[in-house]
Amino acid sequence: MDLRRVINGQRERRGFRVRNRMTGSATRPRLCVNRTLKNISVQIIDDEAGRTIASATTRDKGLREKIGYGGNCAAASILGKVIAERAIAAGVSEVCFDRGHCKYHGRVAALADAAREAGLKF
């Protein structure tokens, strides 16, 4: 049995388990975090309408020069502030936090704390 298949299956099940508990609505959309080794991306999604309200990633042209390397906690905290500003500009002040298959630890926690400080409510 291939170890990579087992690990990916566990990751998928963990992500489904987290996402089954929450759905994004128009009043409280879902803040979805996707973390890779080198970058982080964030979306605010209204699941009822099936559309993305706001998004940000460490690969955005405007943020790339400011952030530098996108795989650390400093980049995650900058990204948290940016997504909170974009969400508030779009009229969203309260979200439910979807960490996906990742633990609430390190970069994911830094992103969430920075978004809270910038004005988003979880």
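The values are calculated or read from the model by the stated rules, or taken from the named source; none is laboratory data. None of the values given here were measured: they were computed from a predicted structure. Positions of Cβ are generated from backbone atoms using ideal geometry, with glycine treated the same way; all protein chains shown enter the neighbour counts.
Listed by first and then second residue, the pairs linking a residue in the stretch 26-44 that is within 16 Å of Ala110 (Cβ to Cβ) to a residue that is surrounded by fewer than 20 Cβ atoms within 10 Å (Cβ to Cβ) and basic (Lys, Arg), with Cβ atoms under 8 Å apart and 6 or more places separating them unless they lie on different chains, are Asn39/Arg59; Ser41/Arg59. Listed by first and then second residue, the pairs linking a residue in the stretch 86-102 that is under 14 Å from Ala114 (Cα atoms) to a residue that is surrounded by fewer than 18 Cβ atoms within 10 Å (Cβ to Cβ) and hydroxyl-bearing (Ser, Thr, Tyr), with Cβ atoms under 8 Å apart and 6 or more places separating them unless they lie on different chains, are Arg86/Ser55; Ala87/Ser93.
Residue count for the stretch 30-63, restricted to those that are within 13 Å of Ile83 (Cα to Cα), touching a strand residue (DSSP E or B) at 6+ places or on another chain (Cβ under 7 Å) and assigned to a loop (DSSP other than H, G, I, E, B): 1.
For the stretch 87-101, a residue qualifies if it is surrounded by fewer than 20 Cβ atoms within 10 Å (Cβ to Cβ), assigned to a loop (DSSP other than H, G, I, E, B) and either modelled with pLDDT under 90 or on the phi < 0 side of the Ramachandran plot (or both), and the qualifying residues are Ala90, Ser93, Gly100, His101.
Scanning for something closer than 21 Å to Ala115 by Cα and touching a residue at least 40 places away in the same chain (Cβ under 8 Å), does the stretch 46-64 turn up at least one residue? No; the residues of the stretch 46-64 include none that is closer than 21 Å to Ala115 by Cα and touching a residue at least 40 places away in the same chain (Cβ under 8 Å). Any residue at all in the stretch 18-28 that is of a type in the set (A, V, I, L, M, F, W, C), assigned to a loop (DSSP other than H, G, I, E, B) and surrounded by fewer than 11 Cβ atoms within 10 Å (Cβ to Cβ)? No: zero hits. Exactly one residue out of Ala84, Ala112 is touching an Asp or Glu at 6+ places or on another chain (Cβ under 9 Å), surrounded by 15 or more Cβ atoms within 10 Å (Cβ to Cβ) and in a helix (DSSP H, G or I): that is Ala84. The number of residues in the stretch 64-81 being part of a helix (DSSP H, G or I) and within 17 Å of Val33 (Cα to Cα) comes to 9.
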